[in-house]
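The values are calculated or read from the model by the stated rules, or taken from the named source; none is laboratory data. The model shown is predicted, which means the values in this text are computed figures rather than measured ones. Cβ atoms come from the backbone with ideal geometry, glycine included; neighbour counts cover every protein chain shown.
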Amino acid sequence: MISLKHLPLAAAAFLVAAPAMAEDLVFEFSNDSSFAIVELYASPPDVDEWEEDILGLEILGPGEVARVTIRDGRRACEYDLRIVFEDGDEITDTADLCETESYTVDD
C-alpha cells in the first residue's frame, strides 16, 4: 500500500498489503516548483508498469510538502518516479529513497 499523509491531502492509494516483515519506506515529497503536481507514481525500476497514482484525486500545490509511505511488501530503496504537472508536463527520475528520505521537485 502506498499512502500519502499531508494536512490538505487525505488521499491514500492502496496497492498490495505488505507482509509483516517488510519495512515501510517513508519519505518527504516536496513540491518546490511553480506548478501544481496532479499525479505521482513510484515503482521499482524492475517493474515494467507504473503503480497506482499516489495522489489520487488530490493535488500537491507549489510549496507544499507531503509525507509518503510505501507499503508494497518490497525491500526496494530505489524507485522510479513519474511526476505529472497540472499543465500536462511530466518528469521521470530514479531516486534512492532509503538514502535520501526525501525528494524535491523544483523548477
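Whenever a residue of the stretch 95-107 is surrounded by 11 or more Cβ atoms within 10 Å (Cβ to Cβ), its partners that are of a type in the set (Val, Ile, Thr) and part of a strand (DSSP E or B), lying with C-beta atoms within less than 7 angstrom and at least six residues away or across chains, give the pairs 105/37; 105/83.
Quick one: in the stretch 5-58, which of the residues that are β-branched (Val, Ile, Thr) and out of contact with any strand residue (DSSP E or B) (no Cβ under 7 Å at 6 or more places or on another chain) is modelled with the highest pLDDT?
This residue is 47.
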